[in-house]
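Just below is one structure, and these are the notes that go with it.
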Amino acid sequence: KTNKSAILTDAICTLDKLRTEAKKLKEKKSKLQDEIKSLKAEKNKLRQEKLQLKENKERIEQQIQTMAVAPLGLLPRQTAICHAIPTKVMAFPGYGGFPMWQWISPAALDTS
């Protein structure tokens, strides 16, 4: 009789251990499924944000392209100013032919 009772006791202990382990695994599975759901939701949010950012980028690029293309009639004619005074060399043609030497200090103007 002791052998039968010992075997039954061991079997009951093993079944209890397996049941608790199965319960823990089911809980872990449900936690992982919840985490998967939250990660999918976050992924969808990030996709939507990415699409919005792409749309904003394209819109801004179009605005920049429209701003960068200026009509030819509004551009200043700097080349005519540069060729109008052929005897003097202009360091910066964009500034025009206005003399700036009168505001330079005498020490900076002295080139000797």
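Every number here is computed from the coordinates shown, using simple stated rules; none is lab data. Here the structure is a predicted model, which means the values were calculated and not measured. No Cβ is skipped: glycine too gets one built from the backbone with ideal geometry, and neighbour counts run over all protein chains shown.
Full extension of the chain segment joining Lys23 with Ala107 gains 21.1 nm, where the gain is 0.36 nm per residue of separation less the Cα-Cα distance.
Sequence-ordered 3J(HN,Hα) estimates for region 59-65 from the Karplus curve with 6.51, -1.76 and 1.60 and θ = phi - 60° stand at 5, 5, 4, 5, 5, 5, 5 Hz, glycine and proline given as x. The 3J(HN,Hα) values that the Karplus relation (6.51, -1.76, 1.60; θ = phi - 60°) gives for region 29-44 are, in residue order, 4, 5, 5, 5, 5, 5, 5, 4, 4, 5, 5, 5, 4, 5, 4, 5 Hz. Gly and Pro appear as x. Net charge in the neighbourhood of Asn56 (other residues with Cβ under 13 Å of its Cβ; Lys, Arg +1, Asp, Glu -1) is 0.
Considering only Gln63, Thr9, Gln48, and ranking their Cα positions along the charge dipole of region 1-70 that arises from unit charges at the beta-carbon of Lys, Arg, Asp and Glu, the one farthest toward the positive end is Thr9.
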